[in-house]
Amino acid sequence: MQKNNFPPIGLGTFKQTNDSLIDIVTEALDLGYRHIDTAQFYKNEHLIGKGLENSDIKREDIFITTKVWVEHYNQEKFISSVEKSLEKLKTPYVDLLLLHWPPKPHEFFQALELLNQCKEKKLCNSIGVSNFNITLLEKALKMGIKLFTNQIEFHPLIDQTIQKKFLENHGIRLTAYAPFATGQIFGNRTLRTIAERYHKTIAQVCLRWALQTPNTYPIPKTSSSKRLKENIDIFDFHLAKIDMDVINQLNRVNIRFFDIAGLAPEWD
């Protein structure tokens, strides 16, 4: 089983359910991607499994993340659902297993305990969560759960300063989904100006910004071969501090595209 090294950039696969995803996964691995992110809810684990099978890259050199869906947070379904995911992915384990969304209050402890059991059973190397706020993260940490990551919406147009600081202080990685703000970054004049100066695209500047943000690991998604190559072609330049500072200031608009407000229960 692979050690818990986390590739700096991954391939997101949300809303990709066509057979073309098989080739995208294989091509991504050929280009140098080593992290593939999926979920039970995406209904594409079987396609990713075929893409992995078609690749010449050794399994131990690939980091695979999947997420347990909320309907499986009970004793009867949780572990069996993970085993089904492994069958679809054609692997005996995943490197990272997440709770996709926060459990309901009455399921919270059980879901996290079952997640931990999957690690003990060696169905996964590491465990984590997605879309958790600080209240829920603190509750999980008080249970003694060792969280590898919290996967959250993260891009230049959202202010995740408090969450980011909390994760960094507790040694929890920030996996950044929606790094392009569902496409809203492409019309931003500030980002366009910076991209032109570096002779890069806006997408590349955003991903480079994420990489240079401590403890942050973006997982951009695309169904285009051209974009696939573009998104990983970000290791030949470095954003100057002044440009990092300018991009950091864009979070003042604080736009959130995936609403998780109200998901935290009122804990005593």
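The values are calculated or read from the model by the stated rules, or taken from the named source; none is laboratory data. Source: prediction; values computed, not measured. As a convention, Cβ positions derive from the backbone with ideal geometry for all residues, glycine included, and neighbour counts pool all protein chains shown. We work out accessible area using only protein heavy atoms, side chains counted, and drop any ligands, DNA or RNA first. Shrake-Rupley method; radii C 1.70, N 1.55, O 1.52, S 1.80 Å.
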Residue under question is residue 182, and the condition is that it be closer than 24 Å to residue 67 by Cβ, among the polar types (S, T, N, Q) and assigned to a helix (DSSP H, G or I); does it hold? yes
Where the second residue is part of a helix (DSSP H, G or I) and open to solvent by 20 Å² or more (accessible area, probe 1.4 Å) and the first is without any contact (Cβ under 8 Å) to a residue 60 or more places away in the chain and lies in the stretch 89-118, which pairs have Cβ atoms under 6 Å and are six or more apart or on separate chains? 90/53
Residue within the stretch 199-216 that is exposed (fewer than 13 other Cβ atoms within 10 Å of the Cβ), more than 27 Å from residue 112 (Cβ to Cβ) and modelled with pLDDT of 95 or more present: yes
Tell me whether the stretch 34-47 contains one or more residues that are modelled with pLDDT of 95 or more, within 22 Å of residue 208 (Cβ to Cβ), open to solvent by 30 Å² or more (accessible area, probe 1.4 Å) and out of contact with any His (no Cβ under 6 Å at 6 or more places or on another chain). yes
From 66, 91, residue being touching a Ser or Thr at 6+ places or on another chain (Cβ under 7 Å) and either β-branched (Val, Ile, Thr) or within 28 Å of residue 235 (Cα to Cα) (or both): 66
Report the residue count in the stretch 48-76 for those that are touching a His at 6+ places or on another chain (Cβ under 7 Å) and free of Cβ contacts under 8 Å to residues at least 40 places away in the same chain. 2
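Rundown of residues vs (1) touching a helix residue (DSSP H, G or I) at 6+ places or on another chain (Cβ under 7 Å); (2) assigned to a strand (DSSP E or B), yes/no style:
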residue	(1), (2)
190	yes, no
193	no, no
196	no, no
204	yes, no
208	no, no
211	no, no
214	yes, no
217	no, yes
223	yes, no
